[in-house]
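Q: One structure, pasted below without further comment.
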Amino acid sequence: MFTTGAADRHILENIFSYDDPYRLLFHPMPPVGWMNDPNGLVYYNNQYHVFYQAYPYGTDNSLVKHWGHMVSDNLVDWTYLPTALAPDQPYDKGGCFSGSAIACENSLYLFYTGNVPENSPKQLQCVAKSDDGVNFVKSEKNPLFGPPGSDEDFRDPYVWQHNGLFYCLVGTRQGAKGCVRLYESKDLYNWNDRSVMFESDGSQGFMWETPNLIRIGDTDILILSVIGRSGLPHSTIYYTGTLNYETGKFVPNRCHTLDEGSEFYAPQILREENRNILIGWMDNWFNSSPSNKYGWACALSIPRELSLDNNGYLCMYPVKELNTYRQQVYCAYDFMLDSDSLNPLREVHAVAFDLEFEIDLAMSEGKQVAIGIRENELNGETTGILIDFDRMTLTVDKTCSGAGDQRIYTTAVKSRDISNVLSVRILIDRSSLEIFLQNGSTCVTYRIYPSISSDGMHIASTGKTIWFKNLTCYSMRRNEVTYKCE
Ligand code: DQQ
């Protein structure tokens, strides 16, 4: 029998007592065991709450998901709280799957999917309530609602309030098309089926998971995790458009990939009054995790603030709170490089760093910038990043990255700024790589597992002159992590 108490005892007994080369310095990660989707992101009782899909008893993706819980004052330092939900009821005994949180009249409500694979339907939506943000009680009214038929896939409730009513999106499918259904409630407990809010035209995968909807300016943005699009097992996309609350229909405008990296999925949005922050699961279901041998697997992305740019692209950019974790090690401001230049980053030695610069495209005759990170001449490790601003492509080469996945990934860079400046920000933690181009309209997220001794880096032009502006490289200091799991 799984219980929150048993999970916490296990976590406390097994919490790492040693350091390992892959332990992240400034990203959210599990105290022990497996982590996947971020859940229930909310600002409540003056703190940021992040729940997450957890299986504390192992580093494999067991279905018997719990909701782990961590809180933060600044989105970088984290305190682990007791496990919020365990699969301890007949209607969720196969796993408390993903969902969202909403604060209402001083209470915090967690909406999640009770998963019982042997039942039909197997996935039903449930709620748990807390008055202190720590202890959660599942409702006696659970399960609250299920699919209209006996649909197999019906999960990941995303709840928000609009004009005095509560709305909930649920990810599902109609035959071979991903789809989201919209529900409406006056009291958070009784839900009416409003509509099939939006479905794939057939080109966007056969199952949509973890839907999110936010509004920026006068644009609604629907964010989806997609199974089976363009031959990809898992990817993330967003639609800009408008939700018509009268008809319950979402009218799309444009659709783009959210994060083009192979280790980013199931993102969720934390809505604040003046900003929207997105956190994604920083891994995937298929790669083996070299951190398994240290008792943990998978992590969450850096929290990213969302904005819409002038071209209509959704941009993600690391929250400003991260800047106070920078320790400046190198600063070169404006300079030029050609293929004969000395490596301007030769003095830098860091396993966790924040590198940013701009390229003046108008002044530059060269067409490609090559960056090597987490390098070590002795063991041959390097992770290559190639930005080609003629073709507008970004390539990440993991063939010599160290342990784990060793593929090469190329993606298109979304927009070319009219100012003819290409902005680049690269965040490296001990086992992760996140790249933000053009203020985050193009993002990629990967896991890499180099040796701890691989701490060098270089930047070069592969040909003619390239003009750099404001290049700055900071090593990053470690965040504070505390445990209040008892
Ligand atoms: N992960 C959860 C599901 C969700 C999927 C289970 C997405 O609720 O659909 O851990 O990664």
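The values are calculated or read from the model by the stated rules, or taken from the named source; none is laboratory data. Quantities reported herein were computed from a predicted structural model and do not represent experimental measurements. Cβ sites come from the backbone with ideal geometry, for glycine too, and all protein chains shown count toward neighbours.
Q: Can you list the strands (runs of 3 or more DSSP E) found entirely within segment 33-128 that contain at least 1 residues being within 11 Å of the ligand (Cβ to nearest atom)?
A: Details: elements: 33-44, 47-55, 66-72, 78-85, 96-104, 107-115.
Here the list reads 33-44, 47-55, 66-72, 96-104, 107-115.
Q: Continuing with this model, one more query. Output the residue which, of all residues in segment 174-233 that are within 15 Å of G248 (Cα to Cα) and of a type in the set (K, R), is surrounded by the most Cβ atoms within 10 Å (Cβ to Cβ).
A: Step by step, filter segment 174-233, then rank; the result is R181.
Q: Could you identify the single residue in D340, D334 that is free of Cβ contacts under 8 Å to residues at least 24 places away in the same chain and either in a loop (DSSP other than H, G, I, E, B) or out of contact with any His (no Cβ under 9 Å at 6 or more places or on another chain) (or both)? Steps first, answer last, please.
A: Details: D334 fails: free of Cβ contacts under 8 Å to residues at least 24 places away in the same chain.
Every option except D340 fails the conditions.
Q: From D201, D187, D193, D259, which residue is at pLDDT 95 or above, more than 30 Å from E140 (Cα to Cα) and of a type outside the set (V, I, T)?
A: Being at pLDDT 95 or above, more than 30 Å from E140 (Cα to Cα) and of a type outside the set (V, I, T) holds for just one of D201, D187, D193, D259, which is D259.
Q: Which ones in segment 286-305 are closer than 28 Å to E13 by Cβ, buried (at least 24 other Cβ atoms within 10 Å of the Cβ) and more than 16 Å from the ligand (Cβ to nearest atom)?
A: S291, W296
Q: Scan segment 135-161 and report the pairs whose first residue is in a loop (DSSP other than H, G, I, E, B) and within 14 Å of the ligand (Cβ to nearest atom) and whose second residue is among the small types (G, A, S) and modelled with pLDDT under 95, with Cβ atoms within less than 9 Å and a gap of 6+ or a chain change.
A: Sorted first by the residue in segment 135-161, then by its partner, the pairs are E152/S120.
Q: Are any of the residues in segment 277-285 more than 16 Å from the ligand (Cβ to nearest atom) and of a type outside the set (S, T, N, Q)? Even if it seems obvious, please write down each step before you answer.
A: Step one: list which residues in segment 277-285 are more than 16 Å from the ligand (Cβ to nearest atom), which gives 277.
From the residues that got through so far, the ones that are of a type outside the set (S, T, N, Q) too are 277.
The answer is yes, given that some residue of segment 277-285 is more than 16 Å from the ligand (Cβ to nearest atom) and of a type outside the set (S, T, N, Q).
Conditions (1) at negative phi; (2) over 21 Å from the mean Cα position of the chain (by Cα); (3) without any contact (Cβ under 8 Å) to a residue 60 or more places away in the chain, marked per residue:
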position	(1), (2), (3)
D388	yes, yes, yes
T393	yes, yes, yes
G404	no, no, no
T411	yes, no, no
R430	yes, no, no
F436	yes, no, no
G440	no, no, no
A460	yes, yes, no
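Q: From I277, I227, which residue is within 21 Å of F436 (Cβ to Cβ), in a strand (DSSP E or B) and of a type in the set (V, I, T)? Working first, answer last.
A: Values: I227 fails: within 21 Å of F436 (Cβ to Cβ).
Going through I277, I227 in turn, just one is within 21 Å of F436 (Cβ to Cβ), in a strand (DSSP E or B) and of a type in the set (V, I, T): I277.
Q: Please state which of the following conditions D220 fails to meet, knowing it meets all the rest: (1) within 16 Å of the ligand (Cβ to nearest atom); (2) part of a strand (DSSP E or B); (3) of a type outside the set (A, V, I, L, M, F, W, C).
A: (1)
Q: Hey, another quick one. Quick one: which residue in G178, G202, G171 is part of a loop (DSSP other than H, G, I, E, B) and in contact with a strand residue (DSSP E or B) (Cβ under 9 Å, 6 or more places away or on another chain)? Let's see the steps before the verdict.
A: Values: G178 fails: part of a loop (DSSP other than H, G, I, E, B); G171 fails: part of a loop (DSSP other than H, G, I, E, B).
Going through G178, G202, G171 in turn, the sole match is G202.
Q: Follow-up question, since we're still on this one. Would you call S301 among the polar types (S, T, N, Q), touching a strand residue (DSSP E or B) at 6+ places or on another chain (Cβ under 7 Å) and under 17 Å from I435 (Cβ atoms)? Spell out how you get there, then give the answer.
A: Details: among the polar types (S, T, N, Q): yes; touching a strand residue (DSSP E or B) at 6+ places or on another chain (Cβ under 7 Å): yes; under 17 Å from I435 (Cβ atoms): yes.
Against the criterion (among the polar types (S, T, N, Q), touching a strand residue (DSSP E or B) at 6+ places or on another chain (Cβ under 7 Å) and under 17 Å from I435 (Cβ atoms)), S301 qualifies.
Q: I need the full set of residues from segment 444-486 which are under 17 Å from F389 (Cβ atoms) and crowded, with 20+ Cβ neighbours inside 10 Å, in order please.
A: V444, I459, A460, S461, I466, F468, L471 - these are the residues of segment 444-486 that are under 17 Å from F389 (Cβ atoms) and crowded, with 20+ Cβ neighbours inside 10 Å.
Q: Filter segment 230-264 down to the residues that are assigned to a strand (DSSP E or B) and among the hydrophobic types (A, V, I, L, M, F, W, C), then identify the one that is farthest from V170 (Cα to Cα).
A: Taking segment 230-264 first, the residues assigned to a strand (DSSP E or B) are 232-244, 249-257.
Narrowing further to those that are among the hydrophobic types (A, V, I, L, M, F, W, C): 232, 237, 243, 250-251, 255.
Numbers: L232: 22, I237: 16, L243: 15, F250: 14, V251: 17, C255: 19 Å.
Of everything passing the filter in segment 230-264, L232 is farthest from V170 (Cα to Cα).
Q: When you go through R173, R181 one by one, which is the residue that is among the charged types (D, E, K, R) and within 13 Å of the ligand (Cβ to nearest atom)? Please lay out each step first, then the result.
A: Details: R181 fails: within 13 Å of the ligand (Cβ to nearest atom).
Unique residue meeting the criteria: R173.
Q: Does segment 459-471 contain any residue that is closer than 23 Å to M29 by Cβ and at pLDDT 95 or above? So that I can check it myself, show each step before the final result.
A: Taking segment 459-471 first, the residues closer than 23 Å to M29 by Cβ are none.
So far as segment 459-471 goes, no, none of its residues is closer than 23 Å to M29 by Cβ and at pLDDT 95 or above.
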